[in-house]
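The values are calculated or read from the model by the stated rules, or taken from the named source; none is laboratory data. Computed from a prediction, not measured in an experiment: that's the story for all the values here. Positions of Cβ are generated from backbone atoms using ideal geometry, with glycine treated the same way; all protein chains shown enter the neighbour counts.
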Amino acid sequence: MKSKADYRQLFKRNMEELSNSTAKEESNNLCDLMKRQSYYQKAELIGLFISKGREVDTTSLIEAAWYAGKRIAVPKVIKGTREMTFYSITSFKDLEPTFFGLSEPKPDQCHKVDSSQIDLMIVPGLGFDKAGYRIGYGGGYYDTYLKSYDGVTAALAYSCQLVDKLPTEAHDQKVDHLLAPDGVLL
């Protein structure tokens with residue numbers, strides 16, 4: 001059985017090998033699919049990551065949410081811990097570059113959001129299995145945050161990010177809904 005580290009390397013390699021056109025097409029299709037989900041349509045405040053590198057591009061989903069009158073909250077990592085705090089943003093100008101190539105909210109310009117206010121959390125990951133478990137980058141930030149989050153969770157995954165089963169540990173948190181290019185898996 002492969003370890004989490006093995007899967008991280010596999011998913012990173014798979015994403016690096018993804019062509020620009022495939023990444024763009026699958027990102028657009030995944031974001032369109034998300035917008036058709038009832039839990040997305042009902043959500044007033046959506047917790048969402050700012051994509052980086054080869055992750056599913058969340059830019060159009062964020063813009064569509066703003067256009068539909070929804071609020072968006074994005075995470076700011078608390079350095080030196082496994083914790084993060086979400087802040088509401090109203091523009092991409094509310095973001096600043098930070099460590100690990102992340103774009104995070106400017107806390108002095110953005111409103112802090114409590115997890116109980118977030119209706120839908122769209123969770124990033126390097127890879128996912130068909131039960132909704134994920135492998136992230138290894139920091140444990142989302143697993144820590146999701147332990148006390150009671151709202152709906154979802155993830156968007158390229159085809160190359162999917163496997164039948166991932167190794168899991170007691171602290172791993174799975175998502176409620178998993179969307180892939182072939183459709184809704186959960």
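I'm checking my understanding of the structure. Among residues of segment 58-90 that are polar (S, T, N, Q) and in contact (Cβ under 8 Å) with a residue 40 or more places away in the chain, which one is nearest to I122 (Cα to Cα)? Checked segment 58-90; the qualifying residue nearest to I122 (Cα to Cα) is T58. Of the residues T22, T85, T59, which is closer than 18 Å to Y142 by Cβ and either among the acidic types (D, E) or out of contact with any helix residue (DSSP H, G or I) (no Cβ under 7 Å at 6 or more places or on another chain) (or both)? Among T22, T85, T59, only T85 is closer than 18 Å to Y142 by Cβ and either among the acidic types (D, E) or out of contact with any helix residue (DSSP H, G or I) (no Cβ under 7 Å at 6 or more places or on another chain) (or both). Hey, does segment 42-52 have a residue that's under 20 Å from S159 (Cα atoms), basic (K, R) and surrounded by fewer than 12 Cβ atoms within 10 Å (Cβ to Cβ)? No, segment 42-52 has no match at all. For segment 100-129, filtered to residues that are in a helix (DSSP H, G or I) and at pLDDT below 95, the residue that is nearest to R71 (Cα to Cα) is G101. Sub-9 Å Cβ pairs linking a first residue in segment 31-57 that is over 19 Å from P75 (Cβ atoms) to a second residue that is assigned to a strand (DSSP E or B) and of a type in the set (V, I, T), at least 6 apart or interchain, are L33/V184; Q37/V184; Y39/V152; K42/V152, ordered by first then second residue. May I ask you to verify whether L166 is modelled with pLDDT of 95 or more, touching a helix residue (DSSP H, G or I) at 6+ places or on another chain (Cβ under 8 Å), assigned to a strand (DSSP E or B) and not charged (D, E, K, R)? Criteria not met by L166.
If only residues of segment 126-177 that are surrounded by fewer than 17 Cβ atoms within 10 Å (Cβ to Cβ) and small (G, A, S) are counted, the one that is farthest from K4 (Cα to Cα) is S148.
Pick out the one residue from I118, I78, I122 that is under 22 Å from M34 (Cβ atoms) and out of contact with any helix residue (DSSP H, G or I) (no Cβ under 8 Å at 6 or more places or on another chain).
One residue alone meets the criteria, I118.
Given the criteria within 30 Å of K165 (Cα to Cα), touching a residue at least 12 places away in the same chain (Cβ under 8 Å) and of a type in the set (F, W, Y), does F11 qualify? Judged against the criteria, F11 is a match. Of all residues in segment 10-32, none are touching a Ser or Thr at 6+ places or on another chain (Cβ under 9 Å) and exposed (fewer than 12 other Cβ atoms within 10 Å of the Cβ). Taken across segment 130-149, residues that are within 22 Å of R13 (Cα to Cα), outside any strand (DSSP E or B) and of a type in the set (D, E) do not occur at all. Selection over segment 33-50 of residues that are outside any helix (DSSP H, G or I) and in contact with a strand residue (DSSP E or B) (Cβ under 9 Å, 6 or more places away or on another chain) gives a count of 9.
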